[in-house]
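What follows is one structure encoded as structure tokens, with my remarks underneath.
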Amino acid sequence: MNFSYFRYFYFFCLLSPIKSPRYCGYLDLDIWILLIFFLCTFMSIGFLAFCSLLSNIPHLTRPIIGFEEMACNSLISGVRYLIIEGPYENKICFLNFIFFYFGSIAGNCWWLILGFTWYLSASRKWVEEEIGKRSILLHIFAWGFPLLLVIICLSNNLVDASELTGICSLGNFSHLTLFWFWIIPRLLIILIGFFLLLAGFSSMCKERNKFKNKGTDTSRLEKFLLKMGIFSLIYLFSILLNSLCDLHHLIVLSEWQPNTINCKTKGGAFSGNCIRPEQPEPKLYVFGQTMGMATGLAVGLCIFSPKTLATMSSLSSWKNALVCFWPLQTKKSTIINSSFKKTKQQTLLIPPPLPPSFPPQSPKNNLVPTSSITIYNSQHFK
């Protein structure tokens, strides 16, 4: 099927908050796949890529800025110490925390929105108009919830720096902060999004079986499901491994803090009465940081796929490319109307089928039943 004159129509038909059902009514299997892809995945994955970039900015700038400039404060004497509470004296640490924490939580929120819109369109059969009416609420949740957590953490001086990476984040020295402001929000959001995606996949598999029973070629739908399945597995697998490493760090902190207090009450570390816990494994921490950055790999596989790049390169200007992330209000109705006219002209160029011959042809032996002759003559003379 040729999508050359449909490319603008589908973008604006999907993302525009004001639509007409007659423009979106020409649906076959290929167009249905395209609708699901751009409505449920492309915009959410685009914001996932943006959030992944934000969360990885501290990792990219650390070799340039340096460990001490990023993770340490300075005394009047010039002695530097690791930031344990509050980043206000170190502006670089303050900015890095905002980029890392806000980008990570916002990316998880867009994962949840991806699963939510997928579930509504594939399982609940919501049309795009209904989802488009609530797009503002989705944006408020995706950006407002991480911003609220950032404000709470900064107002309570919960930010600290990692001894290993130098990145300012949460829960490096406090197990309660790590549990309530990092592990719990991420796991809840990721698991809810996963179950919504799973329900959407189940519904789309049922739709595939229906199309197969009608004799429709479902190879494009199967490729689309395979692509989304690979993306979901890579993203979910990396997030879960990163969360497991965070749980290991939580266990280390929960053992370290009471042992440290007990050691101080018994005369200090050199009194011989201290029970020291096992040293944490640096390899697990490095592995956890790697898995945290590996979520961008899943997003990159979708964003930089040949088909997506070809679709984006076919857009005439950067303004039309921005429609993948936010609906544009300029000249949308003109483009939709022109696309509809082109579609109508294409259908008018197809010659109509010839009417059937009348009266019907007689059988080969030229013997026609008298009942049929009587019916025909009676209809003819009426």
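For the structure I just gave you, tell me whether Phe97 is touching a helix residue (DSSP H, G or I) at 6+ places or on another chain (Cβ under 7 Å) and part of a helix (DSSP H, G or I).
On the way: touching a helix residue (DSSP H, G or I) at 6+ places or on another chain (Cβ under 7 Å): no; part of a helix (DSSP H, G or I): yes.
Spelling it out, it is not the case that Phe97 is touching a helix residue (DSSP H, G or I) at 6+ places or on another chain (Cβ under 7 Å) and part of a helix (DSSP H, G or I).
Sort through Leu225, Leu221, Leu178, Leu170 and tell me the only one that's more than 27 Å from Gly103 (Cα to Cα), of a type outside the set (Phe, Trp, Tyr) and in contact with a Leu (Cβ under 7 Å, 6 or more places away or on another chain). Walk me through how you get there before you give the answer.
On the way: Leu225 fails: in contact with a Leu (Cβ under 7 Å, 6 or more places away or on another chain); Leu178 fails: more than 27 Å from Gly103 (Cα to Cα); Leu170 fails: more than 27 Å from Gly103 (Cα to Cα).
Matching residue, one of Leu225, Leu221, Leu178, Leu170: Leu221.
Could you check, for region 112-124, whether at least one of its residues is without any contact (Cβ under 8 Å) to a residue 12 or more places away in the chain, part of a loop (DSSP other than H, G, I, E, B) and more than 19 Å from Asn73 (Cβ to Cβ)? Steps first, answer last, please.
Kept after step one, since they are without any contact (Cβ under 8 Å) to a residue 12 or more places away in the chain, are these residues of region 112-124: 120, 124.
Then drop every residue that is not part of a loop (DSSP other than H, G, I, E, B), which leaves 124.
Those left that are additionally more than 19 Å from Asn73 (Cβ to Cβ): 124.
Taking every residue of region 112-124 in turn, at least one turns out to be without any contact (Cβ under 8 Å) to a residue 12 or more places away in the chain, part of a loop (DSSP other than H, G, I, E, B) and more than 19 Å from Asn73 (Cβ to Cβ).
With the checklist (1) without any contact (Cβ under 8 Å) to a residue 40 or more places away in the chain; (2) closer than 19 Å to Asn108 by Cβ; (3) charged (D, E, K, R) in hand, flag the one item Asp246 doesn't pass.
Here Asp246 clears every test but (1).
Out of region 249-268, which residues are out of contact with any Cys (no Cβ under 6 Å at 6 or more places or on another chain) and either in contact (Cβ under 8 Å) with a residue 40 or more places away in the chain or more than 20 Å from Asn172 (Cα to Cα) (or both)? Walk me through it before giving the result.
First pass over region 249-268, keeping only residues out of contact with any Cys (no Cβ under 6 Å at 6 or more places or on another chain): 249-262, 264-268.
Passing the criteria: His249, Leu250, Leu253, Ser254, Gln257, Asn262, Lys264, Thr265, Lys266, Gly267, Gly268.
Provide a single number: the residues in region 159-195 that are touching a strand residue (DSSP E or B) at 6+ places or on another chain (Cβ under 8 Å), within 27 Å of Leu233 (Cβ to Cβ) and assigned to a helix (DSSP H, G or I).
Of the residues in that region, 2 qualify.
Select, from Leu236, Leu301, the only residue that is closer than 24 Å to Trp180 by Cα, in contact with a helix residue (DSSP H, G or I) (Cβ under 9 Å, 6 or more places away or on another chain), of a type in the set (A, V, I, L, M) and part of a helix (DSSP H, G or I). Spell out how you get there, then give the answer.
Details: Leu301 fails: closer than 24 Å to Trp180 by Cα.
Answer to the check: Leu236.
Yes/no per residue for (1) more than 23 Å from Gly292 (Cβ to Cβ); (2) surrounded by fewer than 16 Cβ atoms within 10 Å (Cβ to Cβ); (3) at pLDDT 95 or above:
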residue	(1), (2), (3)
Gly171	no, no, no
Phe181	no, no, yes
Pro185	no, no, yes
Ile192	no, yes, yes
Gly200	yes, no, no
Lys206	yes, yes, no
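Only one residue in Glu222, Glu207 is over 23 Å from Asn108 (Cα atoms) and in contact (Cβ under 8 Å) with a residue 60 or more places away in the chain, so which one is that?
On the way: Glu222 fails: in contact (Cβ under 8 Å) with a residue 60 or more places away in the chain.
After ruling out the rest, the residue left standing is Glu207.
Can you work out which of the residues in region 269-287 that are among the hydrophobic types (A, V, I, L, M, F, W, C) and loosely packed, with under 15 Cβ neighbours inside 10 Å is nearest to Ser169 (Cα to Cα)? Break it down into steps so the answer makes sense when it comes.
Quick first cut of region 269-287, residues among the hydrophobic types (A, V, I, L, M, F, W, C) only: 269-270, 274-275, 284, 286-287.
Checking the rest, the ones that are also loosely packed, with under 15 Cβ neighbours inside 10 Å come to 269-270, 275, 284, 286.
Values: Ala269: 28, Phe270: 32, Ile275: 29, Leu284: 17, Val286: 15 Å.
Checking each candidate, the answer is Val286.
Touching a Leu at 6+ places or on another chain (Cβ under 8 Å) and among the polar types (S, T, N, Q): is that true of Thr165 in this structure? Steps first, please.
Values: touching a Leu at 6+ places or on another chain (Cβ under 8 Å): no; among the polar types (S, T, N, Q): yes.
In short, no.
In region 1-89, which helices (runs of 4 or more DSSP H) lie fully inside it and hold 2 or more residues that are at pLDDT 80 or above and surrounded by fewer than 20 Cβ atoms within 10 Å (Cβ to Cβ)? Can you show your working first?
Details: elements: 7-15, 29-36, 43-65, 67-71.
Hits in region 1-89: 43-65, 67-71.
How many residues, within region 124-144, are surrounded by fewer than 17 Cβ atoms within 10 Å (Cβ to Cβ) and touching a helix residue (DSSP H, G or I) at 6+ places or on another chain (Cβ under 6 Å)?
1
The values are calculated or read from the model by the stated rules, or taken from the named source; none is laboratory data. All values derive from a computational prediction rather than experimental measurement. Because the Cβ atoms are built from the backbone with ideal geometry, glycine has one as well, and the counts that use them run over all protein chains shown.
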